[in-house]
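Step one of this worksheet: look at the structure below.
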Protein chains: 4
Amino acid sequence: MVMSHSPSQLPPSQALVKDDALHAKTERWFEYPVKVQPHHTDYAGIVWHGAYLAWLEAARVECLHSIGIDFADLVQAGCDLPVVELALRYHRPLQLGQSAIVKTQMREMTGVRIDWDYEIQALDSPEIYLSGRVTLVAVDRASGKVVRRLPPAVKDALIKLTR
Amino acid sequence: MVMSHSPSQLPPSQALVKDDALHAKTERWFEYPVKVQPHHTDYAGIVWHGAYLAWLEAARVECLHSIGIDFADLVQAGCDLPVVELALRYHRPLQLGQSAIVKTQMREMTGVRIDWDYEIQALDSPEIYLSGRVTLVAVDRASGKVVRRLPPAVKDALIKLTR
Amino acid sequence: MVMSHSPSQLPPSQALVKDDALHAKTERWFEYPVKVQPHHTDYAGIVWHGAYLAWLEAARVECLHSIGIDFADLVQAGCDLPVVELALRYHRPLQLGQSAIVKTQMREMTGVRIDWDYEIQALDSPEIYLSGRVTLVAVDRASGKVVRRLPPAVKDALIKLTR
Amino acid sequence: MVMSHSPSQLPPSQALVKDDALHAKTERWFEYPVKVQPHHTDYAGIVWHGAYLAWLEAARVECLHSIGIDFADLVQAGCDLPVVELALRYHRPLQLGQSAIVKTQMREMTGVRIDWDYEIQALDSPEIYLSGRVTLVAVDRASGKVVRRLPPAVKDALIKLTR
């Protein structure tokens, strides 16, 4: 039941089906609050750079949940949304005990590729700790292959996200 | 003792001191073998996308070790090398039980910024699972600020890496 | 600044200073809600057994916060509370997307040893997923040694917890 | 395909089928070397208490591999070995950059329950950092239920481990 798609099955970064492109962007950020616990920190007393990825993922899952897409149901139904690209910039460190807001919005849906923008911001100031983008692609779990089209329920919910 | 540099202390991506730039690239990859254990996997039976960052870090630390830089000693001496940028592309998934080689090389050292290139490759074929780049910057632990120059021992060892 | 206490500095499990013992137990559980995100799961689609430890820690830190002890402040002030013993029983698995309540209460404070009891319970039924106990000991960060007495503010707050 | 066994399906700690008990213990420890990387550490500069569980798991998987049991194959064949109990004692901390040996041996196989003993020891001295026990139980992945008997290949390999 393990996916095993070959590299040719991953869509190239540039050559995307333009007909199916939805150059939509949500107006509002979805906000997901976090707090730095001991297990997030490293020897420097700040959040280990890899620990942010769990927060980005949780914010994305909860953003989908807020528009009616239950990620566990999607997986159960045979569709997965693995991360295929990731670009992050660490602006300043978050320290043990600090709270922050993970802000995310869907930036673009191009065929079965979905780009999410991120900013991690202080609670009470415009200070940014991290900014970045994460790209997902829809995959059929049974075959392990990238799907031709997003499941309609997912596409419709994501389109709603852009209004 | 926790670092707390302000964003202005992070060097901008483009405007780097060209005089101090070392456009050097190592010829050879440093190779760090890994094997997918249960704790690396997620519900899809493949390595969770965030788990790769621990491998990239370990490969980098061991590459430094191979040229005489002990990372723990460096930290003890008051210098840290936090990740300030990260860009990864996930080409195909690694599954439970699979082995692979994390390949890394220093691509460029520009002042106190150090870029590392990465490829995670199959043991016995040219298949690539992940490629990417990680950028570090040297920081003084006491002040939390980016240092003006790399510690000479680090710079000399890294220059050796390019030959 | 790294702690490095020798094994003789860890208090033996049995031989505890009885005079200073506080056989107190909180009447009420502190409740910390959690939800299973993809990064918590392993190849079996359930929470990886090690991932629970982050939840237990966060519940403990937030329980302390609820009685006025800020863990980051405590660390800043030179006191740490490392885990010295851990005993867990995994009753049934939590699956991707499930929510649950991490319940914790201080069970006993004996000198500078503090035992915490845990249960992870379903949201809407008495089903238990995990039960266990975690033992902390107070350590002076500068010397790395177990302290003779808990900081008064910590002790007083914990005593309040038992009423 | 996710396991979902009810608590009654987990064997009680005491009431084990005595007829099927194999009170065997391996004479020799299996040794798995580890080194503390930045991602293992927390704000105290030492290994975070939860990070050890990944090492214990990897040592167990590689010990099984050394006697001919490929864990990924076992999972593929429909058998899982989840952790059902865990008891650890943290004797002294491991610091950034330190190396150590994770030692493990199967202590007892009682029906489908398998106990593993652990010690994490210094490379060049008898100092112990952690000791503990981890209990696994064999589960059928399709039904999510505890199996009546270990797969013969697994049982035979484990019996060999005791000689």
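We did not get these values from a lab; they are worked out from the coordinates using the rules stated. The structure displayed is predicted, hence computed values, not measured ones. So basically every Cβ, Gly included, is an ideal-geometry build from the backbone, and we count neighbours across all protein chains shown.
Summary table
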item	result
FRET efficiency estimate (nearest 0.05) - Cβ-Cβ, A:ASP115 to D:ALA77, R0 56 angstrom	0.90
Inter-label distance for D:HIS65 and A:LYS160, nm, one decimal - labels placed 7 Å from Cα along Cα-to-Cβ	4.7 nm
Total formal charge among the other residues, if their Cβ is under 15 angstrom from that of C:LYS145, Lys/Arg +1 and Asp/Glu -1	+3
GluC sites (Glu not before Pro) lying in DSSP loop within segment C:45-133, provided at most 15 other Cβ fall within 10 Å	C:GLU127
Residue mean of other protein chain beta carbons inside 10 Å, A:60-69	1
For the axis carrying chain A to chain B: nearest C-beta residue of A, whole Å	A:ALA87, 2
Number of partner chain Cβ atoms within 10 Å, mean per residue of B:96-106	2
Estimated FRET transfer efficiency when R0 is 45 angstrom, pair D:ARG148-A:SER125 (beta carbons, to 0.05)	0.15
Environment charge at D:LEU86 (Cβ cut-off 10 Å; Lys +1, Arg +1, Asp -1, Glu -1)	+1
Highest to lowest packing among D:128-139, C:137-148, A:148-159, scored as the average C-beta count within 10 Å	D:128-139, C:137-148, A:148-159
Proximal charge balance of C:GLN121 [Cβ under 15 Å; K/R count +1, D/E count -1]	0
Label geometry 7 Å along the beta-carbon vector: C:ASP124 inter-copy distances in nm	3.8, 5.1, 6.1
Segment C:18-161: C-alpha pair distances exceeding 19 Å, %	53 percent
For A:ASP156, inter-copy label distances in nm, listed shortest first [label point 7 Å out on the Cα-Cβ vector]	5.6, 6.1, 6.9
Contact order relative to length of segment C:18-161, as percent, for alpha carbon pairs under 8 angstrom and 6 or more apart	29 percent
Shielding by other protein chains, B:47-59, mean Cβ within 10 Å	6
